[in-house]
Structure formats: structure tokens, C-alpha cells
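Okay, so here's the structure we're looking at.
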Amino acid sequence: LRGAGQRWTADQLRQRIVDASQFNPATIMPAYYQTEGLNRVAASYKDKTILSAQQIEDVVAWLQTLKEATP
């Protein structure tokens, strides 16, 4: 995650968290704010998002603080 805030804008980070498959269809990263078109969803998460909208914004804000590029 080092340098994530330097590589991507807040909007780009948000899109990657909401549904990373937009950028990489083979990703294993879950869609944290999507309820449609998912495979193998646990019954307790059916029709629910993994993170709330506020939690997504909190993660984006934190990722934006990661400005240091990898050595």
C-alpha cells in the first residue's frame, strides 16, 4: 500500500475499493460496496455491502496519507 495516495486520486482509490474488478477482472479482492453480480456470497452478506459508505471514505482518506513511494 506504500505510495497509494501518490499513485491514485481519491476517486480512483474509491473505485478500486468499491469494485476492483473494474480494473482487473481476475482480481481476488472483494467488491467492498457492491451487492449485485457476486459469486459465492456467504448468506450473512447476501444483499449487504462489506463496508458502509462511511467506512469506504475512511479507508480512502487513510490511503491518501500514504504518499511515500517504495524505495
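The values are calculated or read from the model by the stated rules, or taken from the named source; none is laboratory data. These numbers were taken from a predicted model, which means no experiment stands behind them. Positions of Cβ are generated from backbone atoms using ideal geometry, with glycine treated the same way; all protein chains shown enter the neighbour counts. The protein model used for the area step is the full one, side chains on, heavy atoms only, and it has no ligands, DNA or RNA in it. Shrake-Rupley method; radii C 1.70, N 1.55, O 1.52, S 1.80 Å.
Some observations on this one:
- Student exercise, the chain dipole from Lys, Arg, Asp, Glu Cβ charges, in Debye to nearest 20: 200
- Length-normalised contact order of the chain in % [C-alpha pairs under 8 Å, at least 6 apart]: 50
- Peptides ranked, highest mean first, by Cβ atoms within 10 Å: ranges 39-50, 3-14: 3-14, 39-50
- For the stretch 23-71, the solvent-accessible area with a 1.4 angstrom probe is 82 square angstrom per residue.
- Shown for the chain: the carbon plus sulfur share of the solvent-accessible area, taken with all protein chains present and a 1.4 angstrom probe, equals 53%.
- Radius 15 Å from Cβ of residue 67, net charge of other residues (Lys, Arg +1; Asp, Glu -1): +1
- Considering all C-alpha pairs of the chain, those separated by over 20 Å amount to 35%.
- Gain upon complete extension [residue 42, residue 55; 0.36 nm per residue less C-alpha separation]: 2.6 nm
- In the chain, the longest principal axis of the Cα atoms and the axis of helix 53-64 are about 30 degrees apart.
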